[in-house]
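Structure first, then comments.
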Amino acid sequence: METPVRSAPEREQRPSAAAEPSRTPRRAPGGRPPTRAWLQPTLTALIIVAAFIGCYVGLQRDPQPHQVPMAVTGPDLPSQVRQALGDSVEVRPAADPAAARRALEHHDVVAALSTDGSGQLRLQIAGADGASTTAAAKNLVGAYASGAGKHVTIEDVVPLTHFDARGLAGFYMAFGVTLAGFVLASNALNLAGLLRLRHRFWLLSGASVAIGGVAAIIAGPVLGAVPAPVVPLVLTLTLLAAAAAFTTKLLGTYLGPIGVPVATLLLLTVGNATSGATTSVDLLPAAARVVSPLLPPGAAVRAITDLSYFHGAHAAGPLITLALWAVVAALLVGLRPRLTRRRTAAGEGVPA
């Protein structure tokens, strides 16, 4: 029986294992492990723990309000508040108390300040903005009222749902879905030898839909902690899972073993710490305020809050951000084989 002989093109399509560069450090002479084998995982772990503690603890250590948007009604009150509180608030004059309340309910501001018939102050807040945001608004108006010798009446016009008294459901949901997408992609990176690229794309896409659906149903109809409509919530969480999964896959594909730790820092650490769910964006340092809406967890928290309490007033922008992360990362992952073939052909002097 004759052994079939592979043609030259077939042999060229399957390079031998010896020709492939190994990413595993070689053992030093004498059987002693190389220094890199000890140093790289240790440094990676230290960087991650330092970044995690620095972000989560450091950002909450001494939050300072900066340009907190507040609708203020009255002929003289806006200028008085602006002069008394300075850069801590962004005073937005409103025509009347009804207009200020509409701005608050539309999520254009975080508080509405006006005067009643007796000249005393009336502060309207949205508890749905979170404890840190409402506390900042109360403290700022309280400081102004103390200096002006006036009494403040506080009313929560957009309260949190009963089953999310602390306003942290959005944070936990975003963190959990981001973590699920990250773990999904980490496992997919190890399946390169078993699944073709298109099959891994189907895996990440299909599992992201499942993650978004399960998370939305549990947090929404089952637990009642997130009152957003189910279908938009599923879409938001699906995009978040896909953004986390394809971004992790992208970093692991292009950066190799260091890609997964980089994804941990970007998504799970910086992204969730600056999302604005635990510490209001208006209380974060300048750099954190810039990156917060640009990273997937921050965009997801904004969309979840808007869909849950503000009729989706500003949810379009965060949803577009999530979609861009998922689509751009998927495109770059899909381009990787073509770039590899071109580089290999250029190295061998063969036209790609």
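The values are calculated or read from the model by the stated rules, or taken from the named source; none is laboratory data. What you are looking at is a predicted structure, and each value in this text was computed from that prediction instead of being measured. A quick note on method: Cβ atoms are made from the backbone with ideal geometry, for glycine too, and the neighbour counts reach across all protein chains shown.
Just checking, which of Ala148, Ala71, Ala143 is out of contact with any Cys (no Cβ under 9 Å at 6 or more places or on another chain), in contact (Cβ under 8 Å) with a residue 12 or more places away in the chain and buried (at least 17 other Cβ atoms within 10 Å of the Cβ)? Going through Ala148, Ala71, Ala143 in turn, the sole match is Ala71.
When Leu237 is tested against (1) modelled with pLDDT of 95 or more; (2) within 16 Å of Ala299 (Cα to Cα); (3) out of contact with any helix residue (DSSP H, G or I) (no Cβ under 6 Å at 6 or more places or on another chain), only condition (3) is not met.
Exactly one residue out of Ala126, Ala95, Ala131 is closer than 20 Å to Gln60 by Cβ and among the aliphatic types (A, V, I, L, M), and it is Ala131.
How many of the residues making up the range 220-236 are over 18 Å from Phe310 (Cα atoms) and either touching a Gly at 6+ places or on another chain (Cβ under 8 Å) or among the hydrophobic types (A, V, I, L, M, F, W, C) (or both)?
From the range 220-236, those over 18 Å from Phe310 (Cα atoms) are 221-223; that's our starting set.
Those still in the list that are either touching a Gly at 6+ places or on another chain (Cβ under 8 Å) or among the hydrophobic types (A, V, I, L, M, F, W, C) (or both) too: 222-223.
Number satisfying all stated conditions: 2.
For the range 289-327, the set of residues classified as surrounded by fewer than 22 Cβ atoms within 10 Å (Cβ to Cβ), small (Gly, Ala, Ser), in a helix (DSSP H, G or I) and touching a residue at least 60 places away in the same chain (Cβ under 8 Å) consists of Ala323 only.
For the range 159-168, the count of residues that are assigned by TED's automatic domain parsing to the domain that holds Pro221, within 25 Å of the chain's Cα centre (by Cα), part of a helix (DSSP H, G or I) and surrounded by 14 or more Cβ atoms within 10 Å (Cβ to Cβ) is zero. Taking the range 267-280, which residues are part of a helix (DSSP H, G or I) and either over 17 Å from Tyr172 (Cα atoms) or not aliphatic (A, V, I, L, M) (or both)? Residues satisfying the conditions are Thr269, Gly271, Asn272.
When residues in the range 297-325 are screened for being within 12 Å of Ala174 (Cβ to Cβ) and not β-branched (Val, Ile, Thr), 8 of them pass. Among residues that are out of contact with any Phe, Trp or Tyr (no Cβ under 8 Å at 6 or more places or on another chain), within 29 Å of Ala169 (Cβ to Cβ) and surrounded by 15 or more Cβ atoms within 10 Å (Cβ to Cβ), Ala131 is included. Just so you know, in the range 32-65 the residues that are more than 21 Å from the chain's Cα centre (by Cα) and among the β-branched types (Val, Ile, Thr) include one that is farthest from Arg289 (Cα to Cα), and it is Thr35. Filtered by the rule that a residue be of a type in the set (Ser, Thr, Tyr), surrounded by 18 or more Cβ atoms within 10 Å (Cβ to Cβ) and over 20 Å from Gly317 (Cα atoms), the range 199-243 gives a lone residue, Ser208. Within the range 143-158, at least one residue is closer than 16 Å to His66 by Cα, in the same structural domain as Pro75 (by TED's automatic domain parsing) and small (Gly, Ala, Ser).
Working only within the range 189-234, note down all residues that are in a helix (DSSP H, G or I), under 23 Å from Ala299 (Cβ atoms), in contact (Cβ under 8 Å) with a residue 12 or more places away in the chain and of a type in the set (A, V, I, L, M, F, W, C).
Let us first name the residues in the range 189-234 that are in a helix (DSSP H, G or I), namely 189, 197-222, 230-234.
Of the ones still in play, those that are also under 23 Å from Ala299 (Cβ atoms) are 201, 204-220, 230-234.
Next cut, in contact (Cβ under 8 Å) with a residue 12 or more places away in the chain only: 201, 204-205, 207-209, 211-213, 215-217, 219-220, 230, 232-234.
Within the range 189-234, Phe201, Leu204, Ala207, Val209, Ile211, Ala215, Ala216, Ile217, Ala219, Val230, Leu233, Val234 qualify.
Does the range 245-256 contain any residue that is within 28 Å of Ala126 (Cβ to Cβ) and either surrounded by fewer than 24 Cβ atoms within 10 Å (Cβ to Cβ) or in contact (Cβ under 8 Å) with a residue 12 or more places away in the chain (or both)? Don't jump to the end; show me each part of the working.
We begin by selecting, within the range 245-256, every residue within 28 Å of Ala126 (Cβ to Cβ); these are none.
Checking the range 245-256: not a single residue is within 28 Å of Ala126 (Cβ to Cβ) and either surrounded by fewer than 24 Cβ atoms within 10 Å (Cβ to Cβ) or in contact (Cβ under 8 Å) with a residue 12 or more places away in the chain (or both).
Within the range 104-128, restricting attention to residues that are among the small types (Gly, Ala, Ser) and modelled with pLDDT under 90, the residue that is surrounded by the most Cβ atoms within 10 Å (Cβ to Cβ) is Gly119.
Report whether or not Ala330 is under 21 Å from Gly181 (Cα atoms), buried (at least 24 other Cβ atoms within 10 Å of the Cβ), of a type in the set (A, V, I, L, M) and touching a residue at least 12 places away in the same chain (Cβ under 8 Å).
On the way: under 21 Å from Gly181 (Cα atoms): yes; buried (at least 24 other Cβ atoms within 10 Å of the Cβ): no; of a type in the set (A, V, I, L, M): yes; touching a residue at least 12 places away in the same chain (Cβ under 8 Å): yes.
No; evaluated as a whole, the condition is false for this residue.
Consider Phe171 carefully, then state whether it is modelled with pLDDT under 95, in contact with a Phe, Trp or Tyr (Cβ under 9 Å, 6 or more places away or on another chain) and either crowded, with 22+ Cβ neighbours inside 10 Å or not in a loop (DSSP other than H, G, I, E, B) (or both). Considered against the rule, which asks whether it is modelled with pLDDT under 95, in contact with a Phe, Trp or Tyr (Cβ under 9 Å, 6 or more places away or on another chain) and either crowded, with 22+ Cβ neighbours inside 10 Å or not in a loop (DSSP other than H, G, I, E, B) (or both), Phe171 comes out as no. How many residues does the range 102-131 contain that are under 21 Å from Ala315 (Cβ atoms) and of a type outside the set (A, V, I, L, M)? Total meeting the criteria: 8.
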